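Q: First the structure, then my questions, so here it is.
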Amino acid sequence: MSVKNISSFTIIYFFLVTVANAQPLVPALLIFGDSVVDVGNNNNLETIVKANFPPYGRDFIKHKPTGRFCNGKLASDYTAENLGFTSYPMAYLSKQANGKHLLIGANFASGSSGYYDTTAKIYETIPLSKQVELYKEYQNKLATLVGQSNATSIINGSIHFLSSGSSDFVQNYYINPLLYEKYTPLQFIDILLQSYTKFVQELYDLGARKIGVTTLPPLGCVPAVITIFGEDSNECVEKFNKVAVSFNKKLNSTSQKLQTKLSGLNLVVLDIYQPLHDLVTRPTDYGFFEARKACCGTGLVETSILCNAESVGTCRNASEYVFWDGFHPTDAANKILSDDLLTAGLSLIS
């Protein structure tokens, strides 16, 4: 029976049974990108873009905030579990990210960063170019731990996961006249993809052979975007979604060219646009009752420091909501998204 004829649920079941009593399916997991996958690097920066305070983390392990922009686990956390890891790659800037903890990988992501370096500079976070430099430092530490030959083997066999681009549009381009008056959305997309191409080339040169990159989500369906740009329509903002679709198409074609150019590279584009769009437009089909408003505060705009312990109106049961704050999905939504990523990313395991 071909994989195409097997349901996603069957694949996931087989996958989980396979890893249940075994070693992880890959040596390590290296994570790059923005707040969707940041597990606490921003805690160690002089930035207002943080999530290391309640109510963030209230449904996470020990019910404590870690710097994750969520009430619980990120999709990348669930991905790590699906791969057979019993703990998560740590934020590279954390004090705990040393010694044996580095053997399962590391997380270099930083909230409010993007493909466009200036996006991160505006918010004093870690641009993608700097994340690559930290990755080089990580590789040196890994070689010290296990020897150069073993370190190279680990890097070659590990999954490198990238989630980026949303902040470039929502937190920079569409609010920055220096950008939107100079570049059309399509021109800006080309600039971002030049950065993406450079990033993939750099990872490849450093030994990465398995890279998964997520598409942009439906940016126009994010609660804060609807509130700020929706002109009281209370519906997804189509111009944002159209830009996301255009970016995703070019991301796919760019990735195909890179795969052809770079020998031995397994580069997989992981679609999160459609799964999240489905959750937003048909929430009850997936067990949610609220997709327009987020759980934290009013659910209209709050994120980071605006989503705090004093935020009035924060919901009691986040599992009924698609979004935790104005920009980020809940733990429950992340679980569904991660299962979708699992079926799409099977080829990264081989």
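Q: With contacts defined as alpha carbon pairs under 8 Å and 6 or more residues apart, what's the relative contact order of the chain in percent?
A: 18
Q: Collect residues whose amide H, placed 1.01 Å from N in the peptide plane, falls under 5 Å from the amide H of residue 323; neighbours closer than 5 in sequence don't count.
A: Sorted by chain and number, the residues that satisfy this are 295, 330.
Q: On to the next question. Stokes-Einstein D for the range 41-84 at 25 °C, 0.890 mPa s, Kirkwood Rh over Cα pairs, in µm²/s?
A: 225
Q: Can you tell me the alpha carbon radius of gyration of the range 222-334 divided by the globular rule-of-thumb value 2.2 N^0.38 Å?
A: Ratio of Rg to 2.2 N^0.38 Å for the range 222-334: 1.27.
Q: Where is the GNM fluctuation largest for the chain (alpha-carbon springs, 10 angstrom cutoff): 201, 96, 171?
A: 96
Q: Here's something else I'd like to know. Give the shape of the range 311-350 as rounded, prolate or oblate, defined through the alpha-carbon gyration tensor: a ≥ b ≥ c are the square roots of its eigenvalues, a/c under 1.5 means rounded, and otherwise the shape is prolate if a/b is larger than b/c and oblate if not.
A: In terms of gyration-tensor shape, prolate.
Q: My understanding is that a pair violates if its Cα-Cα distance is over 24 Å; which of 73/249; 64/95; 210/257; 62/95; 182/250 do that in this structure?
A: From the list (73/249; 64/95; 210/257; 62/95; 182/250), the Cα-Cα distance tops 24 Å for 73/249.
Q: So, one more: Rounded to the nearest 500 deg cm²/dmol, what is the calculated helix-only ellipticity per residue at 222 nm for the chain, with -39500 (n - 2.57) per DSSP H run of length n ≥ 4?
A: Value at 222 nm, helices only: -12500 deg cm²/dmol.
Q: Report the calculated FRET efficiency for residue 48 and residue 263 (r = Cβ-Cβ distance, R0 = 56 Å), to the nearest 0.05.
A: Result of the calculation: an efficiency of 0.80.
Q: Taking a Cβ-Cβ separation under 4.7 Å as the criterion for a possible partner, which cysteines of the chain have none?
A: Unpaired cysteines in the chain: 70.
Q: List the relative contact order of the range 103-184 as a percent without decimals, with contacts defined as Cα pairs under 8 Å and 6+ residues apart.
A: Reported relative contact order: 28 percent.
Q: Helix check for the chain. Which DSSP H runs span at least 15 Å along their own axis by Cα, with a mean Kyte-Doolittle hydropathy no less than -1.0?
A: TM-like helix candidates: 8-20, 128-146, 185-205, 331-344.
Q: Name the residue, out of 149, 158, 246, whose mean-square fluctuation peaks in a Gaussian network model built on the chain with Cα pairs under 10 Å.
A: 149
Q: Amide H neighbours of residue 161 under 5 Å, counting only residues 5+ apart in sequence or on other chains, H built in-plane at 1.01 Å?
A: 30, 31, 32, 212
Q: So, counting K/R as plus one and D/E as minus one, what does the shell of residues with Cβ under 15 Å around residue 245 add up to?
A: Net charge around residue 245: +1.
Q: Could you pull the Cα extents of the chain along its three principal axes, largest to smallest, in whole Å?
A: 58, 48, 46
Q: Say each of residue 175 and residue 281 gets a label point 7 Å from the Cα, pointing the same way as Cα to Cβ; how far apart are those two points in nm?
A: Inter-label distance under the simple model: 2.7 nm.
Q: What net charge do the residues around residue 187 carry, taking every other residue with its C-beta under 14 Å from that of residue 187, with Lys and Arg at +1 and Asp and Glu at -1?
A: Net of charged neighbours comes to -1.
Q: Using alpha carbons only, what's the Rg to Rh ratio of the range 123-261 with Rh from Kirkwood?
A: Taking Rg over the Kirkwood Rh, I get 1.06.
Q: Under 14 Å from the Cβ of residue 258, count the other residues' Cβ atoms, weight Lys and Arg +1, Asp and Glu -1, and hand me the total.
A: Net local charge, residue 258 excluded: +4.
Q: Follow-up. Run the quick spin-label model on residue 118 and residue 316: label points 7 Å from Cα toward the beta carbon, then report their separation in nm to one decimal.
A: Rounded to a tenth, the inter-label distance reads 4.8 nm.
Q: Calculate one ³J(HN,Hα) per residue across the range 172-180 by plugging θ = phi - 60° into the Karplus curve 6.51 cos²θ - 1.76 cosθ + 1.60, and present them in order as whole Hz with x for glycine and proline.
A: Working through the residues one at a time gives 9, 3, 6, 10, 10, x, 5, 9, 6 Hz.
Each value in this text was obtained by applying a stated rule to the coordinates, not by laboratory testing. All values reported here derive from a predicted model rather than from experimental measurement. All Cβ positions, even for glycine, are placed from backbone atoms using ideal geometry, and neighbour counts span all protein chains on display.
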